[in-house]
Amino acid sequence: MKLLVIFVLTLLIYADSQSQERFGGGFYVTNSQDTVHGFILNKTHYLTEILFRKTISSPSQVLTVDDVKSFGLSSGEIYIPLKFPGQRNLPQTPAFIRMVVGGGIELLSYRGQYIIGSDDKGRFAMAKGKTSNATTALKNRQINIGIFNILFQDCPSVRSEAQTIPIVEEKLMQLIKSYHTCRSLPHQEFHLKKLRRLSYIGFFVGPNSSRVSFPGTEIVRSSDFLYRTQFPVSSQPTFGIIGLLNGRGTSSILGFQGELAFTKASFSAIWVYSNEVGGFTVSDIMQTNLDYSFITLRAGLRLTGRSHKVNPYFSFGLGHQMPTSSNSTVKMRRVINGSYTEESFELETTQSSLVVWAGAGIKKNVFRTHAVFLDGNYEQSFISNGGKITSLAVRLGFMF
């Protein structure tokens, strides 16, 4: 139930954070050829407008295709406004199109569709290079060869090279480069920068509250006292190290998280059972003490909300638990009409290695490449005799 509550709350926070605006470094060129640097909202595709900020905290400014001659992102992408009247699946009115190669023959990209050509020779939407249908694949190849024959007719060597080229961006760039070399024409290639993965390593510390129960216990020494004993919550500190590897991209939401944590838990409770036997009152008093300390290796996925300020996140996965010490004893006192006997024995409550866990929290970047975080981490491990230990830790940490 706690896990469900954590998940629902984090999902709500995460959904709200996804609506937050994610801006990255960029610039735009005005119609009067002035270049203005600032921050542009990152999107997968751009249509007729962009959101621009002079500084990351300044109000957003809407710029349309009428206001901007071109704009660029820190990733190396360059966009220009163009229209393609009369062509299917391409904008009939001006829209922002990504420039891949500029020069005598240009290569453009619009929502996964490659466009090749020039103002003089015309612009053509290329057919997809790969398809599962053989007939469609042959038709597409014939369309693309026809386009190449029109564009490269003044350079036979390049026209011949184009007959077998796959329709992928890098190969098309090389083909167009060959054409410009053949014609001794200048050109410019706009390669996307390979974004590096962001990685962190850090540490955390905080209080850990654990609860033990035996909902599926077997009968131990002819008694079901473990099932009936109510153990109080154990509060102990926890600490450890954490590693985080994010995906590539300016707004990556998926990452891999690993942790190594040390935790202790101590439980002590008394259960009393009374019964009438042959006219005598027989009372069994069971005092159970359970002490554990263990190291847990956790690994899983992290989903991070997009924001330049505070990033909420939800993480989940599996773990491997390695006990460093375990002490489980029971002292049983049997009282019959004021007389009693005592017996002590050890319980076989070894821990399983499997752990399931989930966490939710917030992270804030500081000092450019560092971060602080505050989260709640829910964990469930299993012990013999049908028992389980559930823990909830509140952790404060620092990553660098």
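The values are calculated or read from the model by the stated rules, or taken from the named source; none is laboratory data. Bear in mind the structure is a predicted one, so any value in this text is a computation, not a measurement. Cβ sites come from the backbone with ideal geometry, for glycine too, and all protein chains shown count toward neighbours.
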| message | Quick check on V65: is it of a type outside the set (K, R), surrounded by 16 or more Cβ atoms within 10 Å (Cβ to Cβ), more than 30 Å from D154 (Cβ to Cβ) and over 28 Å from the mean Cα position of the chain (by Cα)? | response | yes
| message | Being surrounded by fewer than 13 Cβ atoms within 10 Å (Cβ to Cβ) and either touching a Lys or Arg at 6+ places or on another chain (Cβ under 7 Å) or of a type in the set (G, A, S) (or both) is the filter here; which residues of segment 77-117 pass it? | response | G86, Q92, T93, G112
| Tell me, which helices (runs of 4 or more DSSP H) wholly within segment 143-246 include 3 or more residues that are not assigned by TED's automatic domain parsing to the domain that holds T369? | 156-161, 169-183
| note | Subset of segment 172-189, residues farther than 17 Å from F124 by Cα and either of a type in the set (K, R) or touching a residue at least 40 places away in the same chain (Cβ under 8 Å) (or both), comes to K177, H180, R183, L185, P186, H187, Q188, E189
| said: With the requirement that a residue be in contact with a Phe, Trp or Tyr (Cβ under 6 Å, 6 or more places away or on another chain) and surrounded by fewer than 16 Cβ atoms within 10 Å (Cβ to Cβ), what does segment 304-321 give you? | reply: none
